[in-house]
Amino acid sequence: MGIDYERYNDPDADFAIDPTAEYIMYFRDRSSRTMGLEKKRAPGPRDLEITDVQTTMVRGNYNWTFVRIYTDAGLVGTGEAFCGPGVPEIIRSMKPFLVGENPLDIDRLVNHLRQRLSGWGSDGGAVVTAISGIDIALHDLVGKVYDMPAYQLLGGKYRDRIRVYCDSHAGEHQTDAESIDPGDVYTPESYRTAAREIIEEGFDALKFDLDVPSGHEKDRANRLLRGPELEHKVEIIEAVTDEVGEEIDVAFDCHGVWSANGSLRLARAIEEFDVLWLEDPVPPENHEVLREVTKRTTTPIGVGEMYYLRDDLQPMIENQAMDVIHPDMPKFGGMHETRKAADLADDYYIPMALHNVSSPVATMAAAHVATSVPNFLALEYHARDVPWWDDLVGESIIDEGYIELPERPGLGVELDLDVVEAHIIEGDTLFDEA
Ligand code: MG
């Protein structure tokens, strides 16, 4: 071991080091030039710093917000946050809290961001959505550092293939219903046709929206589900289950529009059709109302996409106010947080489906979460109308209604920047290639 005498004589140097030595010498007392001795830390993956955070937004059927975290080792992690106004700006504002940090400490960094952004409301909304995108990018990055798939960071696999359910609105475009009588658009027969098409695309689970106009609405603000409207919903479910119910599972989404009475009448009226779940029948705020509906029907009730973080779901899970939790991972808090919520639900034997309107990046990230928990049910795919959805990662990731988890490091998918650039939102710029 030798002393670097140039540094030793430099009055501003804190230490004098021979770069080849196993130990470093440092000034224990600068005035007396007393030296201390310390064993050098072996270089390895812990020697890693975040150097930059960038975003790019692409216009698909939603605004897909991609996040990239860059490091001094040259490794880059890619994530995606749920669409939402202001999310890219919030992500970029986090950069000063991330640069210089070690990206390996995912949980600590996520909590660090929540603390630093608490004044902006980091217990829900766009801040949690932005942090979710960071969390996903960190999982991709750390998987690459240790050369392992991201699911391994969450505890390993329960299954090799992830079941995907296809959400296809109502099989018709909403704009059609704005120009002609909605009663002629959202017919039980149109749902029946769409269900058959989805089956032929290879899916064995699907979901349709039920809160579409029937032509019988009077005043939706009062949340009453009147007789003719109720009949319209029941006829849709009857038509779909008659067409495909023997072959696949079907779920229906209500988007929280009806009162307890209307929700319960609907849930009971469709018990015989054995749906996979009836989603968000009542508004999200009142957990007691939700619990009452759930307790008084055998139709499984699912909720989750309107909530953030496991703290939101905890009282509902503990009260068994739902039969299925259904968080949106890249909005809910990210991969680790969603895994924690799944664990909490599993304590009550409640399964978890995953809401998802994302690009293949967050969809694959959700698949990694899905395989890491015992109680996974199905993961949403919501991009039948986007023919270039797969092109974003240069490969088809859903095959016959299932995602096969790649064994590649991190998320196992990489963005094709040419495709990103071709669909980038107006006024945005492409992040750096690295
Ligand atoms: Mg929904």
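The values are calculated or read from the model by the stated rules, or taken from the named source; none is laboratory data. Keep in mind it's a predicted model, so treat the numbers as computed, not measured. As a convention, Cβ positions derive from the backbone with ideal geometry for all residues, glycine included, and neighbour counts pool all protein chains shown.
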**OP:** Tell me which residues, restricted to region 234-251, are within 29 Å of the chain's Cα centre (by Cα) and part of a loop (DSSP other than H, G, I, E, B).
**Re:** GLY245, GLU247, ILE248
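Table: residues versus (1) crowded, with 22+ Cβ neighbours inside 10 Å; (2) within 22 Å of LEU153 (Cα to Cα); (3) charged (D, E, K, R).
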residue	(1), (2), (3)
PHE376	yes, yes, no
ALA383	yes, no, no
VAL386	no, no, no
ASP391	no, no, yes
SER396	no, no, no
ARG408	no, yes, yes
VAL413	yes, yes, no
GLY427	no, no, no
LEU430	no, no, no
**OP:** May I ask you to list pairs of residues, at least six apart or on different chains, whose Cβ atoms are under 6 Å apart, with the first in region 280-294 being in a helix (DSSP H, G or I) and the second being surrounded by fewer than 17 Cβ atoms within 10 Å (Cβ to Cβ) and at pLDDT 95 or above?
**Re:** ARG291/ASN319
Original post:
Quick one: how many residues across region 70-95 are over 17 Å from the mean Cα position of the chain (by Cα) and in contact (Cβ under 8 Å) with a residue 60 or more places away in the chain?
Top reply: 6
Original post:
Out of all the residues in region 200-233, which are buried (at least 17 other Cβ atoms within 10 Å of the Cβ) and part of a helix (DSSP H, G or I)?
Top reply: GLU229, LEU230, HIS232, LYS233
Subject >> Residues satisfying the stated conditions in region 344-361, i.e. within 16 Å of the ligand (Cβ to nearest atom) and closer than 27 Å to ARG108 by Cα >> reply: MET352, ALA353, LEU354, HIS355, ASN356, SER358
**OP:** Quick one: count up the residues across region 298-343 that are out of contact with any helix residue (DSSP H, G or I) (no Cβ under 8 Å at 6 or more places or on another chain), in contact (Cβ under 8 Å) with a residue 60 or more places away in the chain and within 15 Å of the ligand (Cβ to nearest atom).
**Re:** 1
Subject >> Top-ranked residue in region 170-198 [being in a loop (DSSP other than H, G, I, E, B) and surrounded by fewer than 18 Cβ atoms within 10 Å (Cβ to Cβ); ranked as modelled with the highest pLDDT] >> reply: ASP181
Original post:
Condition test on ALA353, is it buried (at least 21 other Cβ atoms within 10 Å of the Cβ) and either closer than 30 Å to ALA195 by Cβ or aromatic (Phe, Trp, Tyr) (or both)?
Top reply: yes
Original post:
Here are some residues: GLU407, GLU395, GLU337, GLU380. Which one is of a type in the set (Asp, Glu) and part of a helix (DSSP H, G or I)?
Top reply: GLU337
Subject >> Cross-chain or 6+ apart pairs with Cβ under 6 Å, region 198-211 first and under 16 Å from ILE301 (Cα atoms), then of a type in the set (Lys, Arg) and within 16 Å of the ligand (Cβ to nearest atom) >> reply: LEU210/LYS233
**OP:** For region 238-274, enumerate the residues that are within 16 Å of the ligand (Cβ to nearest atom) and either in contact with a Gly (Cβ under 7 Å, 6 or more places away or on another chain) or closer than 11 Å to THR299 by Cβ (or both).
**Re:** ALA251, PHE252, SER263, LEU266, ALA267
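Within region 68-89, identify whether any single residue is in a helix (DSSP H, G or I), charged (D, E, K, R) and farther than 23 Å from HIS355 by Cα, and answer yes or no.
Yes, that holds for at least one residue.
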Subject >> Breaking point among (1) within 16 Å of the ligand (Cβ to nearest atom); (2) buried (at least 22 other Cβ atoms within 10 Å of the Cβ), for PRO283 >> reply: (2)
